[in-house]
Each structure stands twice: as C-alpha cells, then as structure tokens.
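Laboratory data are not the source of any read-out in this text; all were calculated from the coordinates shown. Predicted model only: the values in this text are computed from it and were never measured. Note: ideal-geometry Cβ built from the backbone for every residue, glycine included; neighbour counts use all protein chains shown.
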Amino acid sequence: MAETTPLSQRRIDIVIVAFFLINLLLVSYLIDIEQIVIADPTHFTYPIWPPRPVVDAIHWWVKNFDPLLMARPVFFKVTIWLDNLLYGPFYVVAIYAYIKGKEWIRLPSIIYAVSMLSGLIMILSEEAFGQYHTPHLALVVSANASWVIFPLIILFRLGLNEHPFTRVAVSAQAEKSLEV
C-alpha cells in the first residue's frame, strides 16, 4: 500500500514549487506581459500592467545586457506567448499537484521540462550566435540558468521515478514489529 509522502519530507519538491511560484508571479505575468504589451521598447506609452517600475527594470536589463529582448523577433514573441498561455496555467496546476503529491502531474511535468529546455536552447543559441547576440553572454546565460537547471531536476526527479510523491505505507502492525 502506498501513501503520499508529506511535502515537508520532499525537500526538492519544495524548491521546485518555489521555482514554479517565481515563474508564475514574476516571469509569466509581469516580465512576459511587458514583452507582449510593449511592441517597441524604444517608443511606447506605459501600460496599465505591468507596473512602471517593472517596465523600467526590464528595459534597463535589455538595454544594457540583452539585445534579443529589445529586438523581440517573432520566434522570441512566440516563446513569450507560450509562456503565458501554456506555462502560466501549468504552474498553477503544478504548484497544487506538487504540494498535494498528485502523481498525475508526472507526465505534464516531463513534457514541461522538455519543452522548456527546447525553448531555452533556441533562445540561448540566439543569445550566443545569432543576429541579436549579447556581448554579455556569461551574464545572460547565468540569468537564464535556472530554466536549464530546474527542467533537468524535474526530468531526473520525475523521469526516473514512476511514483515520485509516494512511499510504501507501513501498517501499525509492521511498525510494532520493527520497534521490537
């Protein structure tokens, strides 16, 4: 018989949930929204959302370090829309499922991790070798490292374990015999 392992005993899942929360609250619906609502970061009116300080911080980053985000080519806009339409809702569902230890999230998490890695490889390839390459590659790669590291953690955590959130339940009778 299997039982759900409490989240407090699944430390790596606590870190994954924190990663999902950061992506949900900061990336998908603040940073990415700026990329959608401001077509040209050199000529724009501040939108209602995201707040002006967020827009200013994003524009400082793109002007100083990340020309790809300033240029906003079509392939990059597509990744932004995917983040909003697919990953944002995934984060909401995944946060719930990881906290509650719902094993049905295993396959969606693997699909998420593979698609996130694929998209990030394309973005970082442009950052390194493309028309909009950055002169600050080490910094930009470092800023994007969590979107490589966490999908890899998810792939190993859930890909190698068919039942990542459960453990074998020990009956009260078995516990007594173990104590003796």
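Specify the residue with the greatest mean-square fluctuation among Ala71, Ala39, Ala169, computed from a Gaussian network of the chain linking alpha-carbon atoms under 10 Å apart.
Maximum among the listed residues: Ala169.
Using the alpha-carbon atoms, what tilt in degrees (0 to 90, nearest 10) does helix 88-100 show relative to the longest principal axis of the chain?
So the helix axis and the longest Cα principal axis differ by about 20 degrees.
Which aspartates and glutamates have a Cα lying under 20 Å from the Cα of Lys63, excluding residues fewer than 8 positions away in the same chain?
Cα-Cα hits under 20 Å: Asp32, Glu34, Asp40, Glu126, Glu127.
For the range 57-116, just list the percent of Cα-Cα distances falling in each 10 Å bin from zero outward, please.
Over the range 57-116, the share of Cα pairs per 10 Å bin runs 20, 36, 26, 17, 1 percent.
Run the quick spin-label model on Val92 and Ile121: label points 7 Å from Cα toward the beta carbon, then report their separation in nm to one decimal.
3.1
Quick check: net charge around Ala97, other residues with Cβ under 15 Å of its Cβ, Lys/Arg +1 and Asp/Glu -1? Please list the in-between numbers first.
On the way: positive: Arg10, Lys100, Lys102, Arg106, Arg157; negative: Asp13, Glu103.
Local net charge: +3.
What is the distance, in nm, between label points placed 7 Å from the Cα along the Cα-to-Cβ direction at Ser146 and at Leu82?
Label at Ser146, label at Leu82, 2.0 nm between them.
Rounded to the nearest 10 degrees, what's the angle between the helix 106-129 long axis and the longest principal axis of the chain, both from Cα atoms, 0 to 90?
30
For the chain, build the convex hull from the C-alpha positions and give me its volume per residue in Å³.
On the way: hull volume 23.6 nm³, N = 180.
Given the Cα convex hull of the chain, per-residue volume reads 131 Å³.
What's the angle, to the nearest 10 degrees (0 to 90), between helix 52-64's Cα axis and the longest principal axis of the chain?
For 52-64 against the chain, the angle is about 70 degrees.
For Ile111 and Ala2, FRET efficiency with R0 = 30 Å and r from the beta-carbon atoms, rounded to 0.05?
Given R0 = 30 Å and the Cβ-Cβ separation, E is 0.80.
Counting helices only, and only those DSSP H runs with n ≥ 4, report the 222 nm mean residue ellipticity of the chain as the sum of -39,500 (n - 2.57) divided by its residues, in deg cm²/dmol to the nearest 500. Please report the intermediate quantities before stating the final value.
Numbers: 10 runs with 112 residues, N = 180.
Helix contribution divided over all residues of the chain: -19000 deg cm²/dmol.
Regarding the range 27-101, what's the average projected area of the Cα-atom convex hull, expressed in nm²? Walk me through the intermediate numbers first.
Numbers: hull surface 22.8 nm².
Projected area, direction-averaged: 5.7 nm².
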